[in-house]
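Student: Got a structure for you, questions after.
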Amino acid sequence: MTMHRICALDDLSNGAAAKFEVGKHVVAVVRINDKVYAIGNRCSHADVALADGDVDCDTKQLSCIRHGSAFSLETGVPSTLPATQPVPVFVVEVRGSDVYISDQPSLNAASSAPRVRRAQP
Ligand code: FES
């Protein structure tokens with residue numbers, strides 16, 4: 001995994017998403033104050049760019065512009081239908097005034113999928 005500089009921190013608008021190419025991936029990058037998140041840009045429900053969606057800074061979620069599924073910026077897991085599968089999550093580092101993102105996801109659909117637990121009797 002290699003970290004790539006994508007922009008300066010000041011290039012990112014607070015509470016908005018922007019699209020970047022990192023290696024072979026396209027990621028949606030969101031800045032909330034001094035914290036930066038990066039998730040896969042393609043909605044898991046259909047081929048729609050999540051970077052075109054709305055950010056909820058309080059819940060740290062990015063909503064798909066087409067049907068409204070809200071994806072966690074921390075885990076990639078959707079909290080609302082119709083999407084049921086997570087999107088990949090990428091490592092982000094803010095080094096001084098620059099933003100770096102990994103070229104491989106740290107969490108993907110297999111590792112971040114919600115686990116169903118059996119109810120206790
Ligand atoms: S295309 Fe994203 S929720 Fe349907």
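Readers should treat all values here as calculations from the given coordinates under stated rules, not as data from a laboratory. The structure displayed is predicted, hence computed values, not measured ones. Here Cβ is always computed from backbone atoms with ideal geometry, including for glycine, and neighbour counts include all displayed protein chains.
Student: Arranged by the count of other C-beta atoms within 10 angstrom, fewest first, what order do Lys24, Lys35, Lys60 take?
Tutor: Lys24, Lys35, Lys60
Student: What size of dipole, in debye to the nearest 20, comes out for the chain about its Cα centre when the only charges are +1 on Lys and Arg C-beta atoms and -1 on Asp and Glu C-beta atoms?
Tutor: 540
Student: Between Arg95 and Glu74, what is the label-point separation in nm under the 7 Å Cα-to-beta-carbon projection?
Tutor: Once both label points are built, they end up 2.6 nm from each other.
Student: Additional query: Can you give the FRET efficiency for Met3 and Asn33, using 1/(1 + (r/R0)^6), R0 = 22 Å, r = Cβ-Cβ distance, to the nearest 0.05?
Tutor: 0.55
Student: Quick check: pseudo-label points 7 Å beyond the Cα along Cα→Cβ at Lys19 and Leu81, how many nm apart are they?
Tutor: Each label point is offset 7 Å from its Cα along the Cβ direction, giving 2.8 nm.
Student: Along the charge dipole of segment 8-97, which of His25, Ser69, Gly53 sits closest to the positive end, that is, farthest toward it, with unit charges on the beta carbon of Lys, Arg, Asp and Glu (+1, +1, -1, -1)?
Tutor: Sorting the options by dipole projection puts first His25.
Student: How about Lys35: which lysines have a C-alpha closer than 23 Å to its C-alpha, ignoring those fewer than 8 places off in the same chain?
Tutor: Lys35 reaches Lys19, Lys60.
Student: Continuing with the same structure: Please identify which residues in segment 1-34 have an amide N closer than 13 Å to a label point set 7 Å out from the Cα of Cys57, following the Cα→Cβ vector.
Tutor: Residues passing the 13 Å test: 13-17, 31-34.
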